[in-house]
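One structure is given here, and the rest of the page talks about it.
The values are calculated or read from the model by the stated rules, or taken from the named source; none is laboratory data. Just so you know, these numbers come straight off a predicted model, no measurement behind them. Please note: Cβ atoms are built from the backbone with ideal geometry, for glycine as well, and neighbour counts cover all protein chains shown.
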Amino acid sequence: MNKIIIIGGGASGLFAALSASENPDNDVTILEKNSICGKKLNICGKGRGNITNTAKLNDFVDAFGNNGKFLYSAFSKFFNNDLLRTLEYMGLETITERGGRVFPITEKASDITDTLVNELTSRNVNIKYGIRAKSIKVEDNKVIGVEIFNGIMKCDKLIVATGGMSYPKTGSEGDGYNFAKECGHTITKLSPSICPIISNTPWIIDVAGLSLKNVEAKIVDKNTNKTLTKEFGEMLFTHTGVSGPIILTLSKYIADQTNINNLEIKIDLKPALSFEELNEKFTKEFKSNIILKNYFNSILPKSLAKIFSSIASIDENKKLNLITVKERKIIIDTLKDLTINIKRLAHIDEAIITKGGVSIKEIDPKTMESKIIKNLYFCGEVIDIDAKTGGYNLQAAFSTGYIAGQTN
Ligand SMILES: Cc1cc2nc3c(=O)[nH]c(=O)nc-3n(C[C@H](O)[C@H](O)[C@H](O)COP(=O)(O)OP(=O)(O)OC[C@H]3O[C@@H](n4cnc5c(N)ncnc54)[C@H](O)[C@@H]3O)c2cc1C
């Protein structure tokens, strides 16, 4: 029997076990430090589990930026359709939503974990809960086992599926980076990606909790006023900055930049109307003697309306028919370009994904085996790959896990 040990029972580890247990000559064990598998998988997509995306291969790979090319090989062997077929075979149906995002039909991410664990149990995969791998034992550049609390478990193949270091309460505390480092691997710079953005724009605290739908948020270069990237959709103000779907997507762009001090966020609160159309609308409507404060109440959410005059530096008690052309322009500029400064990205604890990890240069993309230590494999977020939101990251975990588990 071929003894295979997988460290981590998350998305990638469960798929590595599924793939390894296809071969009856393999004796497969998962070591999971938590008392359950898939703690992070269970909270994915706000508990609904956006497991993959229907995007075509090239677009899928593009979602990972520069390191995406590393995944071609894994995706060519096990891609989105293979995932959906595998889940369906195990009795889990899926549904595709806007943007090609795929979810379990039950809208419960935990159903994916349960389905996988049930299948692995029926295949006699040994899942050891509450066992933390402490270190990897190597002899003559070859893995011989893994150290746990009461000694060394020997194995012929070791798969590191320990995840990244975001949301550490789920068990992903970055252990895999230390294991890899001790084996001579390079760990590229670790930083948060897909996370809230912290700002010190003073009025943000006044609108904390406000969610805006159908707005456009842009990342702008402060020096050139050039828009670098933009997203349309929903966002949220927090006590410390901004979050919500479009901000999380923009944060990935920021994580990739070297000097974030040159960047700021501009929000278009009325993206359906151009500057000229708003000007025309206001020229017509600014004929009454309603005061500005009350007018803002009719076109903006309450908490934002309350502070909008002060953001635009215009007297909120001024009557509409007394607003000058210059003031009208300032109001439109503020509506179309509500500016928020960027202090930094939120702490890695709050990030959806860890940017950086085991260098892809040191892993064989066809097998996920280490190029440095024989019989050592990596899969999932511990590798230096990360994508935008939309189900890409889980598919990468499933695909690399599947490849790492193969023994033929
Ligand atoms: C809030 C949130 C929502 C997300 N939503 C989505 C989404 O909808 N779609 C998407 O594509 N991606 C999503 N992601 C990202 C996705 O969860 C990860 O990319 C994915 O879980 C990575 O899988 P993994 O197997 O590499 O790591 P993990 O899922 O983190 O699993 C690692 C496992 O290893 C265990 N472990 C770690 N160290 C040890 C050790 N020393 N010994 C034993 N066990 C150990 C951990 O306990 C954990 O169970 C989300 C992430 C977060 C935080």
Worksheet item: Any idea how many residues of region 172-183 are of a type outside the set (A, V, I, L, M, F, W, C) and away from the ligand (no atom under 12 Å from the Cβ)?
Response: 2
Worksheet item: Are any of the residues in region 307-314 touching a His at 6+ places or on another chain (Cβ under 9 Å) and touching a residue at least 40 places away in the same chain (Cβ under 8 Å)?
Response: no
Discussion item. Could you check region 200-212 and list, in sequence order, the residues that are surrounded by 16 or more Cβ atoms within 10 Å (Cβ to Cβ) and assigned to a strand (DSSP E or B)?
Written reply: Leu212
Practice prompt. Name, by its number, the condition in (1) more than 30 Å from Gly145 (Cα to Cα); (2) among the charged types (D, E, K, R); (3) modelled with pLDDT of 95 or more; (4) surrounded by 14 or more Cβ atoms within 10 Å (Cβ to Cβ) that does not hold for Glu350.
Written response: (3)
Practice prompt. Name every residue in region 149-164 that is more than 9 Å from the ligand (Cβ to nearest atom) and outside any strand (DSSP E or B), in order of residue number.
Written response: Phe149, Asn150, Cys155, Asp156
Worksheet, complete the sentence: Going through (1) under 17 Å from the mean Cα position of the chain (by Cα); (2) modelled with pLDDT under 95 one by one, Pro168 fails only at (2)
Practice prompt. Kindly check whether there is at least one residue in region 106-125 that is touching a Gly at 6+ places or on another chain (Cβ under 6 Å) and assigned to a helix (DSSP H, G or I).
Written response: yes
Worksheet item: Quick one: which helices (runs of 4 or more DSSP H) sit completely within region 1-83 and have at least 3 residues that are surrounded by 18 or more Cβ atoms within 10 Å (Cβ to Cβ) and within 15 Å of the ligand (Cβ to nearest atom)?
Response: 11-20
Item to complete: Taking the options Thr240, Thr224, Thr186, name whichever one is of a type in the set (Ser, Thr, Tyr), surrounded by 15 or more Cβ atoms within 10 Å (Cβ to Cβ) and away from the ligand (no atom under 16 Å from the Cβ).
Response: Thr240
Worksheet, complete the sentence: Checked region 252-263 for anything surrounded by 19 or more Cβ atoms within 10 Å (Cβ to Cβ) and within 22 Å of Lys336 (Cβ to Cβ); matches are Ile254, Leu263
Worksheet item: Which residues, counting only those in region 317-369, are among the acidic types (Asp, Glu) and more than 19 Å from the chain's Cα centre (by Cα)?
Response: Glu327, Asp333, Asp337, Glu362, Asp364, Glu369
Worksheet entry | region 166-184 residues that are part of a helix (DSSP H, G or I), paired with ones that are among the acidic types (Asp, Glu) (beta carbon under 8 Å, 6 or more apart) | Pro168/Asp349
Response to the item:
Within region 353-382, of all residues that are under 18 Å from Phe79 (Cβ atoms) and either near the ligand (Cβ under 8 Å from one of its atoms) or not β-branched (Val, Ile, Thr) (or both), the one surrounded by the fewest Cβ atoms within 10 Å (Cβ to Cβ) is Lys366
Worksheet item: Listed residues Val146, Val220, Val215, Val242; which is under 30 Å from Asn42 (Cβ atoms), part of a strand (DSSP E or B) and in contact with a Lys or Arg (Cβ under 9 Å, 6 or more places away or on another chain)?
Response: Val146
Practice prompt. For region 28-76, enumerate the residues that are in contact (Cβ under 8 Å) with a residue 40 or more places away in the chain and among the charged types (D, E, K, R).
Written response: Glu32, Lys33, Lys39, Lys40, Arg48
Worksheet item: Could you say whether any residue in region 132-140 is closer than 21 Å to Phe398 by Cβ and more than 28 Å from the chain's Cα centre (by Cα)?
Response: no
